[in-house]
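Below is one structure; the comments refer to it alone.
The values are calculated or read from the model by the stated rules, or taken from the named source; none is laboratory data. This one's a predicted model, so the numbers in the text were calculated from it and none came from an experiment. Every residue, glycine among them, receives a Cβ derived from its backbone with ideal geometry; neighbour counts consider all protein chains shown. With ligands, DNA and RNA removed, areas are computed over all heavy atoms of the protein, side chains included. Shrake-Rupley method; radii C 1.70, N 1.55, O 1.52, S 1.80 Å.
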Amino acid sequence: MKSRVQQGAELIRGRVACAWDEAQVATVVAGVGPRRRRRRIARATACGVALAALALAHGARDRVIARRSPASTPAAVARAPRIEPLPAPAPPPALRFRDGSRGWAIAAGTVMRALGETAERIDVRVDRGGARFEVTPSTTRTFAVSSGRARVVVVGTVFTVERDGAELRVGVERGKVRVELPASEPRLLTAGQSATFHDEPTDGAPPRAPAPRVRHPGPLAAAPAAALPAANRLMAEADAARAAGHPDEAVRLLDRVVREHAREFDAPLAAFTSGRLYLEQLDRPRVAAERFAQARALAPSTSLAEDALAREVEAWAAAHDVGRAQERAQEYLRRHPDGVRAAKVRRLAGLPDLQ
Amino acid sequence: MSRNVRSLVLIARIVLLSSSRVQPAARAVAAGAATSPVEAAFRTYAPLVASLGMRMGAVDADCDDFVQDVFVRAVRGAGRLREPAAFKGWLITIAVNLARTRLRVRKLRQRLGLAVPGVALEVADPSLSPDERVLVAQMNRVLDRLPVNQRIAWTLRHVEGMALDEVAFHCECSLATAKRWIAAAQATLEEALS
């Protein structure tokens, strides 16, 4: 079975292309000559400006040096090269595993040990202090760090686990981890996120559900993620929430993209995805219909608009609003008489087939 | 013979002596339908260059500027080519270098907080399902976050289907470096899309 990455690569290969016609060829070819001339002029101008700036800077430097040490000549001033000390070598990892995964203590007094290593799983325990792990990606092997009653399960990532009494802090630099605690749903953390969990020992009373405080992004955020535009960050967080089985959190984030970044590229897709989640997972077809309509309004002249209209028909049909379903279906058939979803739209709205 | 004329003559030889794919262009030149060797080479290779630029994420559907830039550089440097048969590969290398520059400029603008319009992997085929479109958009988001060299190397390998040594040739790096870039990009994509 193909992975999603393989499927995506095939889609990009097979479906992403730039169409050319004769008029376009003629226009672009005609522009090659003028473009070369403009480049030659721009290069010459840039060289001239650079030389002038260099001359000015050199002259200013000479004047500054002459003012500071009147006895020295400009040409004779030379600075000794600055010798940077070599960076201290990184400490060797405290734990090494056969698959290349490693663990380091990051705080004084850290107590951590490997509990076992097989082809299917690696288990580590952190009882006190903090540790950082680099885990070799593997789809067949589980890498789990336990601390108190918490268990951090990873598949190929760089993350830290810090234990301080009843408090456990997990931060992810790269990849994803799932944090499991008794009596609470597992929580997924992705690159740039960190969370604090309360893991109190039981004394006969029912365990208190932890209230993780998730920060996005934290100081562990990798530079590329932290530099992402806000809409992209929200979309990435929505993807993570969906993957973790939290569609309600995902639609909240997607609706924020539509509300706060309506002019950006991601907004129509966010509205469409939100509509799908409301329809397929949250059982709120009327809200789904609104989201699909929003996706259409945000990108009216794209191919997404056709899909969004078809989905709107489906949503109104699911809401048992026959009138609206038929109205949208007729709009779809008017706009896209040969549309790929014409037959489905007719069926959903209860319209007769053409044959 | 001036440098410009040498370049044009070389391009004409390339177009006329290449494989059967360029026969239509050669016939057009012979029949006088194409007005110049540049136009003939353009007709042959422009779609390839444009699609390559789009798939690397360096251009959107309006790819005229990119293709024009590539051909301006190609025309300027064609006189240095010794082997006409190497023209296509050389053109691809120019396209890869130009895409790399564009992607780096875009990343710099993002880091400086300047608004950068998203370059969508514009999907030409309307029969794609919404799920497929969402997958392409997700891939685009992850690819946008990759270091530029990783993105380009991965695209050439897994989207364009080039062999590793071809990827290394067009990225102008060693085979080991190309393999490392591709593996790093693949790992990031798998983590993000799993």
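Taking every residue in B:146-159, how many Cβ atoms of other protein chains lie within 10 Å of its Cβ, on average? All intermediate terms of the calculation are to be shown ahead of the outcome.
Details: counts 1, 1, 0, 0, 0, 0, 0, 0, 2, 3, 0, 1, 7, 8.
Averaged over the peptide's residues, the number is 2.
So if we plug the beta-carbon distance of B:D131 and A:R38 into 1/(1 + (r/R0)^6) with R0 = 30 Å, what FRET efficiency do we get, rounded to 0.05?
With a Förster radius of 30 Å, E is 0.10.
Could you work out, residue by residue across A:100-111, how many beta carbons of other chains sit within 10 Å of that residue's beta carbon, and then give the average as an integer?
Mean shielding by partner chains, rounded to a whole number: 0.
Place the peptides A:322-332, A:144-154, A:45-55 in order of packing, highest mean first, counting for every residue the other Cβ atoms within 10 Å and averaging per peptide.
With the highest mean Cβ count within 10 Å placed first, the list reads A:144-154, A:322-332, A:45-55.
Residue separation times 0.36 nm, minus the C-alpha to C-alpha distance between A:C47 and A:R121: what's the value?
Additional length available on full extension: 20.5 nm.
Could you order the peptides A:286-296, A:97-107 from most to least packed, using the average number of other C-beta atoms within 10 Å per residue?
A:286-296, A:97-107
Hey, which lysines would be in cross-link range of B:K88, C-alpha to C-alpha under 29 Å, not counting anything within fewer than 8 residues on its own chain?
Correct list for B:K88: B:K107, B:K179.
Just read off the accessible area of B:E160 with the full protein assembly in place, 1.4 Å probe, to the nearest 10 Å².
Number for this one is 50 Å².
Any idea how far apart A:A230 and A:S301 come out in nm if each label point goes 7 Å out from Cα toward Cβ?
For A:A230 paired with A:S301, the spin-label model returns 2.8 nm.
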